[in-house]
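K.L.:
Structure incoming, see below.
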Amino acid sequence: MALLKVTDRGIYCEAADVYIDPWKPVNKAFITHAHADHSRKGHSQYVAHEDSVPIMKYRLGRLSVKGMKYGETIEVNGVKFSFHPAGHIIGSSQIRVEYKGQIWVASGDYKTENDGISTPIEIVKCHGFITESTFGIPAFKWQKQESVINEIHEWWTQNQKEGNISIIAAYSLGKAQRLIHNLDHSIGKIYAHTAIYKTNKVIRNHGISLPETEQLNMHTTSKALIGNLLLAPPGAIGAKWLYKIKPVIVAAASGWMGLRGMRRRRSVDKGFVLSDHADWSGLLDVIKNTGATEVMVTHGYQEIFSRYLCELGYNAYTEKTAFEGELITGESKNEDSLDDSISENSSNKEENKSAS
């Protein structure tokens with residue numbers, strides 16, 4: 001019997017009576033990372049990597065939570081659990097589970113490129129591996145981050161010359177910090193939507209270095225924004241406050257920008273192919289290097305990816321979960337959902353007064 005299985009509440013380790021990223025309330029929840037589809041309200045006890053803890057508390061409120069270091073082991077009913085870098089976002093982890101000689105790894109979401117701010121992924125040897133498949137078809141092949149960042153710099157500079165405001169839609173936890181860390185701030189000022197600005201503050205207060213940004217607020221004028229760059233969550237693009245800022249050129253930073261027609265579907269002027277998930281070859285490389293023979297495939301192109309793994313000789317199968325990965329629509333049903341609601345309730349009244 002597999003050490004980890006999927007129940008109606010989440011990924012379950014029966015031997016320890018522990019759930020990993022459960023989507024319904026449970027007694028003890030081990031959390032891979034702080035995105036809203038993996039870290040939810042209602043559990044009695046939480047265990048997560050120490051860098052995820054302040055973000056989880058900010059998003060979910062008061063929690064009984066234990067912070068773990070990478071490589072640190074905690075034992076529950078004879079089952080050993082440890083957290084290992086996933087490279088997805090700050091604090092993201094793969095959770096290694098060992099019991100009676102059997103080792104499984106629940107990877108959560110992961111990417112293989114070092115983004116410079118998240119701890120790079122660690123390959124964890126195991127017998128069974130639980131993988132996402134958000135971009136699990138051959139069409140997805142990422143360029144190097146440096147190339148995409150240079151493309152953004154060229155776009156931003158051109159917008160400056162033309163007297164425009166540059167806006168990039170980027171998830172408030174993960175993509176936004178990646179951009180802020182890697183973009184050249186000497187080109188101009190970088191402004192952050194309230195959802196992003198508040199998340200950045202939590203991260204800095206935890207001791208993680210991140211360049212400062214300006215906050216978009218009621219006093220921010222279009223004149224101040226011209227030539228500069230504004231980062232906003234995907235769910236905020238199209239909101240009323242945006243129409244008070246002009247002239248704007250809107251872009252999206254997402255793996256989905258690699259698909260033809262996606263820019264039009266997202267109603268943006270420019271698309272940058274930049275994802276915090278592994279591409280097709282990245283997924284295959286990680287699975288191969290773990291040495292796993294059994295692979296559970298979750299959210300994304302599950303059927304296609306699982307079938308291909310079977311052709312390669314793996315015992316691969318799909319399981320339905322409540323995880324979403326990087327949503328194709330960019331709507332606020334995912335990692336931005338809580339931040340967007342905070343922003344709507346507490347500060348959008350001010351933002352909507354921004355002078356034009």
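K.L.:
Just to verify a result, which residue in segment 189-215, among those that are of a type in the set (A, V, I, L, M, F, W, C), under 25 Å from N164 (Cα atoms) and part of a helix (DSSP H, G or I), is modelled with the lowest pLDDT?
P.N.:
The qualifying residue modelled with the lowest pLDDT is A195.
K.L.:
Do any residues in segment 137-153 that are of a type in the set (G, A, S) have Cβ atoms under 8 Å from those of residues that are assigned to a helix (DSSP H, G or I), where the two are at least six apart or on different chains, and which pairs are they?
P.N.:
A139/G258; A139/W280
K.L.:
Please find, among E122, E154, E162, the residue that is closer than 17 Å to G291 by Cα and surrounded by fewer than 24 Cβ atoms within 10 Å (Cβ to Cβ).
P.N.:
Selected residue: E122, the only one of E122, E154, E162 that is closer than 17 Å to G291 by Cα and surrounded by fewer than 24 Cβ atoms within 10 Å (Cβ to Cβ).
K.L.:
Being outside the structural domain of S107 (by TED's automatic domain parsing), of a type outside the set (S, T, Y) and surrounded by 19 or more Cβ atoms within 10 Å (Cβ to Cβ) is the requirement here; does I287 meet it?
P.N.:
So I287 does not fit the description; no.
K.L.:
While we're here: For the list (1) at pLDDT below 95; (2) of a type outside the set (V, I, T); (3) more than 24 Å from W104 (Cα to Cα), I need the number of the one condition that E324 fails.
P.N.:
Status for E324: all satisfied but (3).
K.L.:
Condition first: touching a residue at least 60 places away in the same chain (Cβ under 8 Å) and either within 21 Å of the chain's Cα centre (by Cα) or over 15 Å from G101 (Cα atoms) (or both). Now tell me which residues in segment 66-80 satisfy that.
P.N.:
The answer is V76, and nothing else.
K.L.:
Sticking with this one: So which residues in segment 1-42 are in contact with a Gly (Cβ under 8 Å, 6 or more places away or on another chain) and modelled with pLDDT under 95, if there are any at all?
P.N.:
Selection gives A2 alone.
K.L.:
How many residues are within 12 Å of S166 (Cβ to Cβ) and within 18 Å of the chain's Cα centre (by Cα) when one looks only at segment 228-250?
P.N.:
Of the residues in segment 228-250, 2 are within 12 Å of S166 (Cβ to Cβ) and within 18 Å of the chain's Cα centre (by Cα).
K.L.:
Out of the residues in segment 81-124 that are of a type in the set (S, T, Y) and under 14 Å from the mean Cα position of the chain (by Cα), which is farthest from H49 (Cα to Cα)?
P.N.:
Among them, the one singled out is T112.
K.L.:
For M218, work out the one condition from (1) assigned to a helix (DSSP H, G or I); (2) surrounded by fewer than 16 Cβ atoms within 10 Å (Cβ to Cβ); (3) not hydroxyl-bearing (S, T, Y) it doesn't fulfil.
P.N.:
(1)
The values are calculated or read from the model by the stated rules, or taken from the named source; none is laboratory data. Everything numeric here is computed off the predicted structure, so don't read it as measured data. FYI the Cβ positions are ideal-geometry reconstructions off the backbone, even for glycines, and counts take in every protein chain you see.
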